[in-house]
1. With both partners inside the protein assembly as shown, how many of the DSSP beta bridges are antiparallel, as a percent to the nearest 5?
2. Please work out the FRET efficiency for the pair B:Asn59 and A:Gln80, using the Cβ-Cβ distance as r and a Förster radius of 45 Å; give the result to the nearest 0.05.
3. In nanometres, what is the gap between the two model label sites at B:Tyr130 and A:Ala87, each 7 Å from Cα along Cα-to-Cβ?
4. Which helices count as membrane-span-like in chain B under these terms: full DSSP H, at least 20 Å along the axis by C-alpha, Kyte-Doolittle mean of 0.5 or more?
5. In whole angstrom, note down how far apart the Cα centers of segment B:19-94 and segment B:102-142 are.
6. Taking a 30 Å limit on the Cα-Cα distance, which of the listed pairs A:Lys89/B:Lys7; A:Lys56/B:Lys27; A:Lys56/B:Lys5; B:Lys9/B:Lys138; A:Lys77/B:Lys124; A:Lys73/B:Lys9 fall beyond it?
7. Counting other Cβ atoms within 10 Å, keep those with at most 13, restrict to DSSP loop, and tell me which GluC sites (Glu not before Pro) in segment B:5-75 are left.
8. May I ask you to sort A:Val63, A:Val38 by Cβ crowding, counting other Cβ atoms within 10 Å and putting the fewest first?
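Rule-based calculations on the coordinates, nothing more; no lab input. Predicted model, so just to flag it, every value in this text is computed and none were measured. Note: ideal-geometry Cβ built from the backbone for every residue, glycine included; neighbour counts use all protein chains shown.
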Amino acid sequence: MERQLKKTFRSLSPKKKRLNASRTTSGFRGTKKISDSVMMIPPLPGSERSLELEMKKIREGYVRDLGVSDYEKHILKVNQDFKSFMAEKGVRL
Amino acid sequence: MPHWKLKHKSGEIYPAKIEVLKLNEAKALKDHGWEQPFDWSLYIGLQSTTPYKLLIVGNNIIQGAVAYQIKDDHLFIDLLESAPFNRYNHPQREFVNVADILLGEVCLQSFFHNKDGFVSFIPKSKLYSYYAERFNAKLGGRGLMYLDSVAALRLIKLYYE
């Protein structure tokens, strides 16, 4: 039975899987096509942790590429740019 | 007070703001032609995800909505939808940068929450190249796309005034 389920699930295309998943998240089980007004969709149920880890890996990749010290300098500079931009608009952080 | 610059198809710029989406508004969206499979009211009251709406200053019509979660080192967008009359293929499309502003707001909040502007999301399949070209979003694993600090700041500077 389990094997059968796995097989069925595997047979769906990634696009279909994601579509089904987003519907499940929002409690919908129909087959209606998603319109063009929706531009980002919810993740697969149960995939949140792996997506978080994926982002962690991505950020670690930035540190690896630039080196710890250069990466910190880069982030500091962008944050300072953001703060000065907001200060110009009259927002104090 | 700074605001977002919402661009009308005629080229006019309207000041816009982001506010928390209320339950009655979320429930009413489907009656106004918003996507049926997604129920925005399910996000109301959730601790992890908060839904927000985009409004023109001085007008109560919802132009778009976004729901996001604050993670350890970034913000994750759970759902982003523009109002039906702002769809790119709508014959009487009103505003042309609704998604830009909603995404920009999440970037802004990412800086405010000390996440360095990092934002991740799962686009609709056919929009991967759109996000890469328009926002310089990068592709991660598991269908994920993300904006890094530089791309996030660029987007904020473009539309926040």
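1. 90
2. Details: r = 35 Å, r/R0 = 0.79.
Using R0 = 45 Å, I get an efficiency of 0.80.
3. Taking the two extended label points, one gets 3.8 nm.
4. B:98-112
5. 17
6. On the way: A:Lys89/B:Lys7 20 Å; A:Lys56/B:Lys27 35 Å; A:Lys56/B:Lys5 32 Å; B:Lys9/B:Lys138 28 Å; A:Lys77/B:Lys124 33 Å; A:Lys73/B:Lys9 40 Å.
Violating the 30 Å limit, Cα to Cα: A:Lys56/B:Lys27; A:Lys56/B:Lys5; A:Lys77/B:Lys124; A:Lys73/B:Lys9.
7. On the way: sites: B:Glu12, B:Glu19, B:Glu25, B:Glu35; in loops: B:Glu12, B:Glu35.
When the GluC sites (Glu not before Pro) of segment B:5-75 are filtered for loop state and at most 13 Cβ neighbours within 10 Å, B:Glu12 remain.
8. Values: A:Val63 15, A:Val38 19.
Fewest-to-most ranking of A:Val63, A:Val38: A:Val63, A:Val38.
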